[in-house]
Amino acid sequence: MDESRSHGKIILMGEHAVVYGYGAIALPLFSHTVFATVEKSDDDYLISSLYQGKIILAPAQLNHVCEVIKETKKRLEIEEPLRITIDSQIPAGRGMGSSAAVVSSIIKALYQYKKIYLPQEHLLQLVHVGETIAHGNPSGLDGVIVNSKVPVYFKRGKGISPIESKMHGYLVIKDTGISASTKQAVMDVADLVKSDETCRDALDQLGKLSEQSVSLIESGNMVQLGQSMTQAQKLLSQLSVSHPLIDRAVKEAIDVGALGAKLTGGGRGGCVIALCQDEKSRDAVISRWNPADCWVLDLNVRKVKTRAHANIALVKYWGKEDEEQVIPYNSSLSLTLDKLYTDTTIETSETDEFYLNGELISGKEKDKVFRFIDRFRSVSSRKNTIRITSVNNFPTAAGLASSASGYAALATAANRYFNLNLSKRELSEITRFGSGSATRSLFGGFAVWKKESVPYAFEFDRADWDIAMIIVIISQDHKEISSREAMSNTVRTSPFYPAWVESANVDFEQMTLAIKKQDFKTVGEITRNNALRMHASMMAADPPIVYWLPETLSVMKLVDQLNREGFECYATMDAGPNVKVLTRRSQVNVIAERLSLLINRNQMILCQPGEGSVILDES
Ligand code: PMV
């Protein structure tokens, strides 16, 4: 048996105005779906809640469905009789896209039955056949939105474009129980518009509201979106398409805390929608309206997946002036790498859970991650528990900056999941509480973490010039002492620490100048010297901190030798024994070849500058 599904739709803005060429916005209503199943039979049957029997005997109100079945079977050259079952949760005649969703699920099921790929264009053509019978002169919007994962903006004659939504909160939908004719409402508006100039103005304003709402949806400005909805309701009232019950429902919703409310669809009855910021106002609206008449569209993302790349500092961060506030002693600068990254998913879950590289993490490590998450959750209107799934494509905690990519990916995901809409700079101010170096992984190319009273990170240079880095993996073991503890011990006990801070400050200033001039030699020399000075300061701590292994020294020496031979390569290392070689793209292969005398080639990762953190997927 083959089965297929489509969902309903809700018009958020622009009904009626859309008839006059203005834009309208429709949202997919995932909570209401239609399934169609197709199976071989001895005759053509249609099984639905409205009718069960032979297709040729179906009532006139299902003409559009029968016609679409006939047309699709013809296209697919299906001659055998079929039994088609429709299971729909979308109420008919409520402007929720029921007819388009029903025919579209049937078309999809028939293509699946024949195992033939269905291009979107063919789907829309076939839906149009049904919609023309059901509605006369359909705009084509319903066919698109009942199959779309994202909201769409639609203008008659101009087409349909997807909207990248940052909406959050809830849309509560109430059925007034009054059925009204959209056709009649459209005709009455046409009469009004002919005779009354203020009505023409009202249409114009509705068009403007739709247009502005697109950017409000894209930026996640729910408060203003709610206000625009209420304003649209006033204009629709002026056009005579409201109803006393709609007016009452709108007022009730706003009284109990909705951000805005309006009718949706043709008006004069049908449905009313209210935008709610959080669960509290959602529940208040539902109980005021009567739960039996309400549906809810959850606008929040349920799942978001992000990626952030590791970065290697060329001027290191080593030590906090204020441990609690995570204020570094000096500004640092790094290169983000394309080949090393963490993918992190946050999704709604029954309890707070953290999986790292497939393993369920508990204890202190989990606590630290969720203390970080609470920095987002405590200021969000979403308070629910989540599952975090994080996967590194490289060894974790071996001085390869997994905490940097890990916390950058996590912060990027939390920002989206908890609807905070922070800019990357604002996000960097929170990310530092996970890990200082993670602030730089939010950005691509050369990134700076600037020491300030509230430190922040930014992209300093795109690094789109001849830059590369070879990661030489000497050991994949977890480090014996975390960078957090090691830097704290260095600050407290190393007599060389003040000298480190002084030289790191000079290095930072000179490094920024050298990068601006694309002076690779100076960039490389500062990189090498800065790393060794950092390690000198920690070796002088009590007890001494030595991340080096014998192979670390051998590789460092070989890189120096290659440099003396004229290759442009400089070594750096972090809180672990692995060595990173800053070099030119054009020299990467030769240098890797020479290093392979000491280290197996498959222990090297050849990198180029990488991008900042991104959202890979959301649903
Ligand atoms: O941000 P943390 O706590 O992972 O410390 C990073 C320390 C170094 O990698 C050694 C230097 C740096 O700036 O990345």
Summing Lys, Arg as +1 and Asp, Glu as -1, what charge do residues with Cβ under 12 Å from the Cβ of residue 302 carry, residue 302 excluded? +1
Enter the accessible area per residue of the chain (Å², integer; probe 1.4 Å; all protein chains in place). 43
Relative to the chain, whose Cα atoms define the longest principal axis, helix 520-539 and its Cα axis are tilted in degrees, nearest 10, by 70
Under the 7 Å Cα-to-Cβ spin-label approximation, residue 488 and residue 245 lie apart by a distance in nanometres of 6.4
Quote the FRET efficiency, to the nearest 0.05, computed for residue 359 versus residue 293 with a Förster distance R0 of 51 Å and r equal to the Cβ-Cβ distance. 0.60
Would you mind telling me the share, in percent, of accessible area of the chain contributed by carbon and sulfur at probe 1.4 angstrom? 49
Computed [θ] at 222 nm, helices only, for the chain once each DSSP H run of length n ≥ 4 contributes -39500 (n - 2.57): -12500 deg cm²/dmol
FRET efficiency (residue 378, residue 20; Cβ distance; R0 35 Å; to 0.05) is 0.15
Between the DSSP loop rule and a limit of at most 12 other Cβ atoms within 10 Å, which chymotrypsin sites (Phe, Trp or Tyr not before Pro) in the stretch 40-142 are left? 117
Degrees separating the helix 244-255 axis from the principal Cα axis of the chain, which is the longest one: 20
Using the basic label-point model (7 angstrom from Cα toward the beta carbon), what is the residue 324 to residue 596 distance in nanometres? 5.4
Residue 208 paired with residue 194, simple spin-label distance in nm, labels 7 Å along Cα-to-beta-carbon: 2.7
Highest mean first, how do 513-522, 316-325, 404-413, 10-19 rank when packing is the count of other Cβ atoms within 10 Å averaged over residues? 404-413, 10-19, 316-325, 513-522
Quick one: angle between helix 197-219 and the longest Cα principal axis of the chain, in degrees between 0 and 90, rounded to 10, please. 30
Measure up 149/234; 73/303; 115/166; 303/424; 366/517 against 32 Å on the Cα-Cα distance and list the ones that go over. 73/303; 115/166; 366/517
Can you pick out the pairs among 9/208; 40/108; 74/108; 70/114; 9/194 whose Cα atoms lie more than 24 Å from each other? 9/194
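The values are calculated or read from the model by the stated rules, or taken from the named source; none is laboratory data. Just so we're clear, the structure is a prediction, and the values are computed from it rather than from any experiment. With ideal geometry, Cβ positions are generated from the backbone for all residues, glycine too; neighbour counts draw on all protein chains shown. Remember, those area values only see protein heavy atoms, side chains included, never the ligands or the DNA or RNA. Shrake-Rupley method; radii C 1.70, N 1.55, O 1.52, S 1.80 Å.
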